[in-house]
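The values are calculated or read from the model by the stated rules, or taken from the named source; none is laboratory data. Computed from a predicted model, the values in this text were never measured in an experiment. A quick note on method: Cβ atoms are made from the backbone with ideal geometry, for glycine too, and the neighbour counts reach across all protein chains shown.
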């Protein structure tokens with residue numbers, strides 16, 4: 001999994017005297033259709049079990065865990081990542097580095113089955129998938145997610161509503177945010193799924209076919225008109241369905257692909273920023289530098305230098 005770049009805002013830690021345990025100290029915030037739990041750990045521990053009756057979205061806020069799920073080898077779990085866990089599935093967690101100077105903190109948002117189904121029904125009725133044999137659903141296979149900016153923003157907003165909102169409308173605000181959160185989760189899953197499987201699916205799925213075309217022609221001029229032809233859809237319908245599926249417009253997808261390619265080229269110290277600009281499909285050096293800095297937080301040159309001294 002790539003290095004996380006979108007990090008959630010940590011929640012204030014408890015004072016030592018207010019902790020009931022040093023391992024997975026839990027604070028719960030109950031809402032109408034879900035429960036937000038904030039866990040913090042201040043000492044090393046191993047094989048700590050955790051299970052919920054409902055589907056749960058867990059997201060790391062600070063520190064590091066090693067997560068064991070589905071009887072598979074453990075994997076590092078870091079800020080900027082989320083894990084979706086089915087109901088009654090036992091998470092077994094290690095805390096290899098936790099101490100007072102480096103605590104771990106994460107959220108676990110348990111979401112009622114009825115709320116999930118109501119959101120899926122709404123999407124399937126009003127925003128049907130481009131492929132008629134597919135429906136909106138949470139993909140149990142794509143359970144370990146790297147945050148996008150959109151997913152990061154809605155999780156932060158949901159945490160803020162749960163912890164800080166005091167108005168009478170709190171449950172309504174939480175329900176609306178929860179619907180958006182579920183949508184962003186499915187869009188993030190779709191993006192990761194197609195990044196992994198586009199070659200295998202390119203002959204049977206129109207968006208996989210389009211993604212393959214984009215990747216194979218990333219240095220060429222790409223426009224929505226051409227992509228919609230590849231998808232056998234009208235321009236307007238392609239644009240709308242692509243954005244529904246992935247959470248951003250085709251042009252934004254192309255930009256992110258070019259920036260990802262640029263980062264790979266910048267790993268070679270012999271490549272200049274100007275060379276990388278055109279090798280990655282950009283036509284304007286100043287635009288490339290601005291777009292790269294907005295996405296990565298560093299100019300291309302500073303990013304390249306950071307790799308040398310890493």
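Examine the range 98-117 for a residue that is farther than 14 Å from residue 37 by Cβ, assigned to a loop (DSSP other than H, G, I, E, B), at pLDDT 95 or above and under 20 Å from the mean Cα position of the chain (by Cα), and state whether such a residue exists.
Within the range 98-117 (the criterion being farther than 14 Å from residue 37 by Cβ, assigned to a loop (DSSP other than H, G, I, E, B), at pLDDT 95 or above and under 20 Å from the mean Cα position of the chain (by Cα)), the answer is no, since none of the residues qualifies.
Would it be correct to say that residue 240 is within 25 Å of the chain's Cα centre (by Cα) and within 25 Å of residue 133 (Cα to Cα)?
Yes.
Select from the range 205-225 the residues that are over 25 Å from the mean Cα position of the chain (by Cα) and surrounded by fewer than 16 Cβ atoms within 10 Å (Cβ to Cβ) and write down the one among them that is farthest from residue 261 (Cα to Cα).
Selected residue: 225.
Quick one: is residue 137 more than 30 Å from residue 208 (Cα to Cα), surrounded by fewer than 19 Cβ atoms within 10 Å (Cβ to Cβ) and assigned by TED's automatic domain parsing to the domain that holds residue 13?
no
Looking for whichever is over 18 Å from residue 147 (Cα atoms), touching a strand residue (DSSP E or B) at 6+ places or on another chain (Cβ under 6 Å) and loosely packed, with under 15 Cβ neighbours inside 10 Å here; the options are 50, 55, 19, 36. Which one fits?
When all the criteria are applied, what remains is 19.
Determine whether the range 268-286 contains at least one residue that is within 26 Å of the chain's Cα centre (by Cα) and not in a loop (DSSP other than H, G, I, E, B).
Within the range 268-286 (the criterion being within 26 Å of the chain's Cα centre (by Cα) and not in a loop (DSSP other than H, G, I, E, B)), the answer is no, since none of the residues qualifies.
Could you run through the range 256-283 and say how many residues are under 21 Å from residue 225 (Cβ atoms) and surrounded by fewer than 18 Cβ atoms within 10 Å (Cβ to Cβ)?
2
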